[in-house]
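The values are calculated or read from the model by the stated rules, or taken from the named source; none is laboratory data. These numbers come from a predicted model, not from an experiment. No Cβ is skipped: glycine too gets one built from the backbone with ideal geometry, and neighbour counts run over all protein chains shown.
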Amino acid sequence: MRLILLGAPGAGKGTVSKVLTELDGSVQISTGDILRGAVKAESELGKTAKGYMNRGELVPDDLILGIMEQRLLEDDCKNGFLLDGFPRTIAQADALGEMLTKLEIELDMVVELQVPRDEIVARLTSRRTCSNSTCQAIYNTRFKPSKVEGICDVCGSETIQRDDETETAILQRLDTYDEQTSPLVEYYKNQDMLISVDGTSTDTVVSTIQDNLSS
Ligand code: ADP
Ligand code: ZN
């Protein structure tokens, strides 16, 4: 399958992608994961991207488009791909359209995951990550708390909030989504590509996508 997943931060795009890739061998392409990898590797891309990411702002379009132009050419995309976190602006969507036309690739559809804002804030503020960089275990104070609050079960280090998962950064990411990314809902609706799904349950999202793909 060839899909775009749209939805606010914390809507569950990553989780849904992981389930879908296991169904048919498509690859998940997450620009957020690619950028976090670059930050960790301290590459030029990472050094440029880090500040934008920590502030909850978007990384400039030209950087992202450079990444995506190369990524879509890689062999593993031949079995299909799920775009998670891209496109995020109208300019990125226009550029993606041109890339796909050039590659003679057609998208199946664009899926919008709808999750109420208070649920999103609750999901994102409750995430904790182990501060030990070789461990990085992930916890959730609501769904998967560590045995001792603030301490990693695996290695005993302190658990912390990611720089972009503090309340201030999260509210900024949500504002960025509303201003720059949510116009894509209308954009793809006008192209007759969009389905909107209640994103509260991953199972429902996955089965709705499957139904739409086979119809
Ligand atoms: P989330 O959707 O939870 O905000 P992501 O992991 O998708 O998180 O992205 C993390 C950060 O990486 C974003 O806040 C933004 O700074 C940057 N980023 C990811 N994808 C893009 C993109 N397509 N365009 C611009 N910036 C991006
Ligand atoms: Zn740990």
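Looking only at segment 187-207, residues that are surrounded by fewer than 16 Cβ atoms within 10 Å (Cβ to Cβ) and farther than 17 Å from Leu107 by Cα come to 7 in all. Kindly indicate whether any position in segment 81-97 is of a type in the set (Asp, Glu) and either in contact (Cβ under 8 Å) with a residue 40 or more places away in the chain or touching a Gly at 6+ places or on another chain (Cβ under 6 Å) (or both). Looking for residues that are of a type in the set (Asp, Glu) and either in contact (Cβ under 8 Å) with a residue 40 or more places away in the chain or touching a Gly at 6+ places or on another chain (Cβ under 6 Å) (or both), one finds at least one in segment 81-97, hence yes. The set of residues in segment 142-170 that are in contact with an Asp or Glu (Cβ under 8 Å, 6 or more places away or on another chain) and either under 16 Å from Ile120 (Cα atoms) or hydroxyl-bearing (Ser, Thr, Tyr) (or both) comprises Ser146, Ala169, Ile170. Only one of the listed residues (Asp94, Asp118, Asp61) is modelled with pLDDT under 95 and either surrounded by fewer than 14 Cβ atoms within 10 Å (Cβ to Cβ) or within 16 Å of ligand 1 (Cβ to nearest atom) (or both). That residue is Asp118. A single entry from Arg128, Arg142, Arg173 fulfils the requirement of being buried (at least 16 other Cβ atoms within 10 Å of the Cβ), basic (Lys, Arg) and either in contact with a strand residue (DSSP E or B) (Cβ under 6 Å, 6 or more places away or on another chain) or farther than 21 Å from Val59 by Cα (or both): Arg128.
Taking the listed residues Gln210, Gln180, the one that is out of contact with any strand residue (DSSP E or B) (no Cβ under 8 Å at 6 or more places or on another chain), in a helix (DSSP H, G or I) and closer than 22 Å to Ile90 by Cβ is Gln180, with no other qualifying. A single member of Thr134, Thr101 is modelled with pLDDT under 90 and exposed (fewer than 15 other Cβ atoms within 10 Å of the Cβ), and it is Thr134.
Residues checked against (1) modelled with pLDDT of 95 or more; (2) farther than 19 Å from Cys135 by Cβ:
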site: Asp153; (1), (2): yes, no
site: Thr159; (1), (2): yes, no
site: Asp163; (1), (2): no, no
site: Leu174; (1), (2): no, yes
site: Pro183; (1), (2): yes, yes
site: Gln191; (1), (2): yes, yes
site: Leu213; (1), (2): no, yes
